[in-house]
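**Q** A single structure is presented below for examination.
What follows is calculated from the coordinates using simple rules that are stated; it is not laboratory data. If you're wondering where the values come from, they're calculated on a predicted model, not measured in any experiment. Cβ coordinates were reconstructed from backbone atoms using ideal geometry, including for glycine residues, and neighbour counts include every protein chain displayed.
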Amino acid sequence: MVTPDVVIIGAGPAGSVAAALLADAGFSVEVLERAHFPRFSIGESLLPQAMEWLAEAGLLRDVVEAGFQHKNGAIFRWGEREENFDFRTKSTDGWGTTYQVRRDRFDDLLAKGAMRKGAKVLFGQTVTAMRPDPECPCLTVRDEEGHEREVKARFVLDASGFGRVLARLLDLETPTSFPDRMSVFTHVEDNMPVQNYDRNKILISVNPNNNQIWYWLIPLAEGLCSIGAVGMPDHIKPYGATREEQLAALVAESGLMSELLVNAKRVRDVGEIAGYSARVSSLTGPGYALLGNAGEFLDPVFSSGVTIALKSASLASHALVRHLNGEAVNWQTDFSEPLSRGVDTFRAYVSGWYDGSLQKIIFSKPGDARQVKAMITSVLAGYAWDDENPFVRDPHKYLKMVEELCG
Ligand code: FAD
């Protein structure tokens, strides 16, 4: 059997984009995916910055032509207070719009795009063990009949998302700075009259009685909406004995969102994900690197997950092409550090959201508002790697400054 250049664990956005880039560069790529596509996944609101990496991987046309719901911003709501962020008014150059996507379709078309470029994607294949090696790492893979086999490659990319395959197998888990939060979510046929809401924007609402609970409403194409609530288990569980009861009771308290959903009909079971924040001690090791959520996940509040996943795929693929061509690669300075710069920017914003300072900024009108808002809008649009933006370069300092201006 011929050893592929690269084996990728998982065909989510990180895995498929890396597969497309590496296949395009002329390498043999095999993707091992546990599920069969299309399959449900949470994480439906993209950020404009992500479009750049879809374009780089030659997958943008697939996404543009798929008929997904257009997105140009976000509305934040807390009781009667409302703030509207239009991504097209950001300070950083680049895409100002994107899409709100059903992930079953989005992930399926990215995987098909990677196959079109020559990557082999095998479904129903679960990676169960890994032997790291700088020259020839080896995975154990189980198929759906329970047969195990070994798969060797010149390099392994772990893009297994919440599966966190290498983090668990190689004992790389390390504590995150965020406590365990949970989320309950579903899809509804929303039946919202068009004049009541701008479907090109997601709605993020803060619970009027507890600013540690927040909600998303993400309009999708064909009259569907993804809705969900996030909070500490101690805050969410008292809302009901079942997830359905919890979500219904939480939404009833959400203000505008509950008014918008007055005629909504649930079209899938209520799902739950708990303890999703995760981190590893190192994103690389002998013969492997970790992409997207397989490396780290912060929090859903600013929809940064897919954008970080695609950025990691882009950085790793560039480094890997050089490595496979026999050039020296410093994985720390060529991959981990540049990726972490943007992740750390998002981390500062997530921390600011939960300690209340960012909520204060969002719902106030700070001095010199237009310019400040454009720079914050850039980060919310995913431009977390733009060092020209002071709110990226030193987010703590600048957010603190604006918070003080807010009184
Ligand atoms: P994934 O999309 O998780 O893909 C990993 C793939 O690996 C899966 O297909 C899985 O089946 C496969 N796999 C797992 N284990 C194995 C194994 N052992 N062998 C083989 N294959 C395996 N992000 C956003 O950008 N916008 C949002 O609005 C958003 N909302 C979110 C809401 C919640 C409540 C949560 C928890 C997250 C949200 N996210 C959001 C984050 C987003 O879901 C992830 O960041 C994103 O899917 C990560 O992509 P990925 O390619 O790293 O992994």
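**Q** What FRET efficiency would be calculated for the residue pair SER364, THR97, taking the C-beta separation as r and a Förster radius of 25 Å, to the nearest 0.05?
**A** 0.40
**Q** If you don't mind, another one. With +1 on each Lys and Arg Cβ and -1 on each Asp and Glu Cβ, and nothing else charged, work out how big the dipole of the chain is about its Cα centre, in Debye to the nearest 20. List each step's numbers first, then the result.
**A** On the way: 42 positive and 53 negative charges, 68 e Å.
Here the chain has a charge dipole of around 320 debye.
**Q** Oh, and also: LEU122 to GLU83: extension gain in nm, 0.36 nm per residue of separation minus the Cα-Cα distance? The partial results should precede the final answer.
**A** On the way: separation 39, 0.36 × 39 = 14.04 nm, distance 4.48 nm.
Gain on extension, LEU122 to GLU83, equals 9.6 nm.
**Q** Continuing with this model, one more query. For LYS397 and ASN263, compute 0.36 nm times the residue count separating them, minus their Cα-Cα distance, and round to one decimal in nm. If you can, show how the numbers build up before the last one.
**A** On the way: separation 134, 0.36 × 134 = 48.24 nm, distance 4.43 nm.
Fully extending the segment from LYS397 to ASN263 adds 43.8 nm.
**Q** Right, here's the next one. Can you sort TRP353, TRP214 so the residue with the fewest Cβ neighbours within 10 Å comes first?
**A** Values: TRP353 21, TRP214 25.
Lowest count first: TRP353, TRP214.
**Q** Scan the range 1-83 for chymotrypsin sites (Phe, Trp or Tyr not before Pro) in coil per DSSP, keeping those whose Cβ has at most 15 other Cβ atoms within 10 Å, and list them by number.
**A** Numbers: sites: PHE27, PHE40, TRP53, PHE68, PHE76, TRP78; in loops: PHE27, PHE40, PHE68.
Of the chymotrypsin sites (Phe, Trp or Tyr not before Pro), the ones in loops of the range 1-83 whose Cβ has at most 15 other Cβ atoms within 10 Å are PHE40.
**Q** Would you kindly give the portion of the calculated P(r) for the range 330-407 that falls above 19 Å, as a percent of all Cα pairs?
**A** Working: 1003 of 3003 pairs.
Cα-Cα pairs of the range 330-407 separated by over 19 Å account for 33 percent.
**Q** Now for a different question. What are the lysines whose alpha-carbon lies under 21 Å from the alpha-carbon of LYS120, with same-chain residues fewer than 8 places away excluded?
**A** In chain and number order, the partners are LYS112, LYS152.
**Q** Counting only complete DSSP H runs, which helices of the chain cover 27 Å or more along their long axis at the Cα atoms and score a mean Kyte-Doolittle of -0.5 or above? Numbers along the way, then the final one.
**A** Details: long enough: 305-324 (28 Å, 0.85).
Long hydrophobic helices here: 305-324.
**Q** Translational diffusion coefficient of the range 1-153 at 4 °C, 1.567 mPa s, Stokes-Einstein with Kirkwood Rh over Cα pairs, in µm²/s as a whole number.
**A** On the way: Rh = 17.2 Å.
Approximately 75 µm²/s, per Stokes-Einstein.
**Q** Rule-of-thumb check for the range 182-274: C-alpha Rg over 2.2 N^0.38 Å? All intermediate terms of the calculation are to be shown ahead of the outcome.
**A** Details: Rg = 12.4 Å, N = 93, 2.2 N^0.38 = 12.3 Å.
Relative to the 2.2 N^0.38 Å estimate, the range 182-274 comes out at 1.00.
**Q** For the range 111-173, what does the convex hull of the Cα positions come to per residue, in cubic angstrom? Let's see the in-between values first.
**A** Numbers: hull volume 6.4 nm³, N = 63.
Considering the Cα atoms of the range 111-173, their hull volume per residue is 102 Å³.
**Q** While we're here: Kindly provide the pair-distance distribution of the chain built from C-alpha pairs, with 10 Å bins from 0 and whole-percent values in order of increasing distance.
**A** Going out from 0 Å in 10 Å bins, the chain shows 5, 23, 32, 26, 12, 3, 0 percent.
**Q** Given springs between every Cα pair under 10 Å in a Gaussian network model of the chain, which of ALA18, ALA316, ALA159 has the largest fluctuation?
**A** ALA316
**Q** Counting other C-beta atoms within 10 Å, and keeping those with at most 16, which DSSP coil GluC sites (Glu not before Pro) do you find in the range 142-241? Walk me through the numbers before you get to the answer.
**A** On the way: sites: GLU144, GLU145, GLU148, GLU150, GLU173, GLU189, GLU222; in loops: GLU144, GLU145, GLU222.
Taking the range 142-241 and a limit of 16 other Cβ atoms within 10 Å, the loop GluC sites (Glu not before Pro) found are GLU144, GLU145, GLU222.
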